[in-house]
1. In this structure, is ALA197 on the phi < 0 side of the Ramachandran plot, at pLDDT 90 or above and part of a loop (DSSP other than H, G, I, E, B)?
2. What's the total number of residues in the stretch 151-161 that are in a helix (DSSP H, G or I) and open to solvent by less than 50 Å² (accessible area, probe 1.4 Å)?
3. Determine, yes or no, whether ILE75 is among the β-branched types (Val, Ile, Thr) and open to solvent by 20 Å² or more (accessible area, probe 1.4 Å).
4. For VAL89, are the conditions met, namely being over 17 Å from GLY153 (Cβ atoms), of a type in the set (A, V, I, L, M, F, W, C) and out of contact with any strand residue (DSSP E or B) (no Cβ under 7 Å at 6 or more places or on another chain)?
5. Given the criterion more than 30 Å from GLY58 (Cβ to Cβ), small (Gly, Ala, Ser) and at pLDDT 65 or above, identify the matching residue among ALA129, ALA165.
6. Give me the strands (runs of 3 or more DSSP E) completely within the stretch 1-117, filtered to those with at least 1 residues that are among the hydrophobic types (A, V, I, L, M, F, W, C) and modelled with pLDDT of 95 or more, ordered by residue number.
7. Give the stretch 1-18 a look and list any residue that's closer than 30 Å to LYS98 by Cα and open to solvent by 70 Å² or more (accessible area, probe 1.4 Å), or say none.
Amino acid sequence: IREELDKEKRTVQKQEWLSLYFPSVFEKDENGKILSIKIGSFISTEVVQLDFDDLPGGEDNIEEHRQTLLKILEIFSVLHSPSSGRLRVIIKLSEPIKDPVFFTFVYKKIMAEIKRCTGLGPDTSCTNANRGWFISYDSKLVVRKAPPWDISGYLEEYKKKAKQAQKHKVQTQPNAKKAEVQKLSKTLLEALIKLKAVRLTRYEWYNQLG
């Protein structure tokens, strides 16, 4: 699939050749069918999964990197991702997450901590709660008893940052409005200069200004 250069063909190949799973709960209809794999229908999740795509040495050092990741006690599983030279990590959470924005916050916190401890950086594009994951076969799959990752301390930090972001937004709104007015004033001034020697009716004036 990765050798296919045409993006549309790759998308079709993924749909036809590979199986997906979603480690989250979504809304269903009366027949038990998932309505939509979108953030709007997301209900909750209790796991975080991270893909390590750019591992030093690639496939040659894959087992060394697996053992490095397993030094983190909370890692429940390490498996080979569908692509060569890559690993996937599965971590159970101490409590369900029902807010997809909070999920992204938690994901980034865990990602940063793993990178700090191991030096290995996960893929930063997998932070959305409704992401689908390709099923992979790994004869050396590791699944073990592991304590869940404690996220109880993240909620207060998340609320605090969200409050700060909202405060900053409110403070910057007047400045944004001022900049908008200044831009409009400049546009009107340019129009006046351009049309200063032309006598126009009111209707023609409005047409010229757009």
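The values are calculated or read from the model by the stated rules, or taken from the named source; none is laboratory data. It should be emphasised that the depicted structure is a prediction, and the values quoted were computed from it without experimental measurement. Ideal geometry is used to build each Cβ from the backbone, glycine not excepted, and the neighbour counts take in all protein chains shown. Accessible surface areas use protein heavy atoms only, side chains included; no ligands, DNA or RNA. Shrake-Rupley method; radii C 1.70, N 1.55, O 1.52, S 1.80 Å.
1. In short, no.
2. Of the residues in the stretch 151-161, 2 are in a helix (DSSP H, G or I) and open to solvent by less than 50 Å² (accessible area, probe 1.4 Å).
3. So ILE75 does not fit the description; no.
4. Answer is no for this residue.
5. Answer to the check: ALA165.
6. 42-52, 75-80, 87-97
7. Residues satisfying the conditions are LYS14, GLN15.
Yes/no matrix, rows are residues, columns are (1) in contact (Cβ under 8 Å) with a residue 40 or more places away in the chain; (2) crowded, with 20+ Cβ neighbours inside 10 Å; (3) closer than 19 Å to LYS140 by Cβ:
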| position | (1), (2), (3) |
| --- | --- |
| SER44 | yes, no, no |
| GLU64 | no, no, yes |
| GLN67 | no, no, yes |
| LYS71 | yes, no, yes |
